[in-house]
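The values are calculated or read from the model by the stated rules, or taken from the named source; none is laboratory data. Here the structure is a predicted model, which is why all the values come from computation and not from measurement. Every residue, glycine among them, receives a Cβ derived from its backbone with ideal geometry; neighbour counts consider all protein chains shown.
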Amino acid sequence: MFESLTERLNDVFETLTKRGSLKVSDIDNALSEVRVALLDADVSLSVVKTFIQSVKEAAVGEQVIRSVTPGQMVIKIVHDELVKTLGANDTHINMQSAPPCAILMVGLQGTGKTTTSAKLGAHLIKNDKKKVLLVSLDVYRPAAQQQLSTLGNQNDIRVLPSILGEQPLAIAKRAMETARQEGVDIVILDTAGRLHIDSDMMSEIAVIRDNVNPIETLLVADALTGQDAVNIANEFNQKLEISGIILTRMDGDARGGAALSMRSVTGAPIKFIGTGEKIEAIEVFQPERIASSILGMGDIVGLVEKASETIDEEEASRMAEKMMKGRFTLDDMGQQLSQIKKMGNLEGLIGMMPGAKNIKKQLANSNMDDKVIARQQAIIFSMTKKERINPKILNGSRRRRIAFGSGTTVQEVNRVLKQFKQMSTMMKKAGKRGFLQGGGLPSGLAGQIPFTGKFS
């Protein structure tokens, strides 16, 4: 997410940080480029004007101009202003009311609202240990109720059975009564998609809202819509008083202007973002971390959190210890590759690291991607236990057999072995320097991040 914007801003700030001192004209020129970058990223004009003015007022101060590292000071000011624009950390779901609590999901048709309803339900079950009931109020779109039912069944989330001919308000009332009887904590009401200019459909939601008294009215908006998403959000907010926003398809948004504009325009916080198609691809919106990501600072906290969800800490620590002592085997490398696949696609993980732009260039040069990782795994798993423990015995005939068994080439087998040797050497050196023990990433995480350096 934010790829284009991040790249543009990085180019601007790279110029600033190379200067030992800054003049007011240098800052003006830089902010002029920032302004263009934000507008090209579909950030609302009014938001851009306010943003640039605030940054300029802080950046041209005596403290910045005379700073030892004025370029870095300007970047910090931009970062802080981005956090302010994106909103405070009020991204939690309000669950203070006595259960059952209703969450009303609203938005245009085609924004991924039904899928997002299921994602939110799964998130609340996993992270908040809540008992959730999914309810479709969409009696207009063919198979809409069946879609939600399928998503719920696939992910072990309770779904209210539909009754032919039942109208949205009646469904909502039945859902709340069912929730009271069954001890449900959260009822997620997936409303029919509608145009913000459709007064009849908007009135229908308003009536439902007044009857169920939801703890949250969440607008589901497509980040790819750009500035139109901001206008739509404003209309929904005026008519329904939304309490928060969920932005979908953030994984495909190269511009990200909607995220930067919506909070300022509506006053409603962005609470979640959708980052993929899988049920678990929903994240709590963290302004601080998003701002760091936009400026190319990475999201190490997010990376560690993602790792902690998928990696067995004891196993990871064991592997890190083996690496440091030079006892890293091809078996361990295979396990490492499996763990990285569990964490998500490689490009997404690299995007969470500081200096992601340079790392991605390195990856491109090394031809390292998810498909390559899968082929590397196939090569390793085609080896015997003895060969994985002691790769020195891998002569020409053994390598040809492994290539045939894995559906690869001898050249690819050789590359994996070379990579393994480089990993072993690198990790042993890192261990001696203490990188894996307090000098860098946490030992468990470091024990699972694969080597992505260039190899030939």
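I'm told S4 meets every condition in (1) small (G, A, S); (2) modelled with pLDDT under 85; (3) closer than 30 Å to R209 by Cβ except one. Can you identify the failing condition by its number?
(3) is the only condition that S4 fails.
Does any residue of the stretch 199-207 turn out to be closer than 28 Å to N127 by Cα and in contact (Cβ under 8 Å) with a residue 60 or more places away in the chain?
no
Just to be sure before I move on: is G107 touching a helix residue (DSSP H, G or I) at 6+ places or on another chain (Cβ under 7 Å), modelled with pLDDT under 85 and either surrounded by 21 or more Cβ atoms within 10 Å (Cβ to Cβ) or not hydroxyl-bearing (S, T, Y) (or both) in the structure I sent? Quick ask: steps written out before the conclusion?
Values: touching a helix residue (DSSP H, G or I) at 6+ places or on another chain (Cβ under 7 Å): yes; modelled with pLDDT under 85: no; either surrounded by 21 or more Cβ atoms within 10 Å (Cβ to Cβ) or not hydroxyl-bearing (S, T, Y) (or both): yes.
Answer is no for this residue.
Can you say whether G71 is in contact with a strand residue (DSSP E or B) (Cβ under 9 Å, 6 or more places away or on another chain) and either at pLDDT 80 or above or crowded, with 16+ Cβ neighbours inside 10 Å (or both), as far as the supplied structure shows? Working first, answer last.
Values: in contact with a strand residue (DSSP E or B) (Cβ under 9 Å, 6 or more places away or on another chain): no; either at pLDDT 80 or above or crowded, with 16+ Cβ neighbours inside 10 Å (or both): yes.
Answer is no for this residue.
The rows are residues; the columns are (1) of a type in the set (F, W, Y); (2) modelled with pLDDT of 95 or more; (3) not in a helix (DSSP H, G or I).
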| site | (1), (2), (3) |
| --- | --- |
| N127 | no, no, no |
| V135 | no, yes, yes |
| S149 | no, no, no |
| A175 | no, yes, no |
| E204 | no, no, no |
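Only one of (1) surrounded by fewer than 22 Cβ atoms within 10 Å (Cβ to Cβ); (2) of a type outside the set (D, E); (3) modelled with pLDDT of 80 or more is not met by L224, so which one is it?
Against the list (1) surrounded by fewer than 22 Cβ atoms within 10 Å (Cβ to Cβ); (2) of a type outside the set (D, E); (3) modelled with pLDDT of 80 or more, L224 comes up short only on (3).
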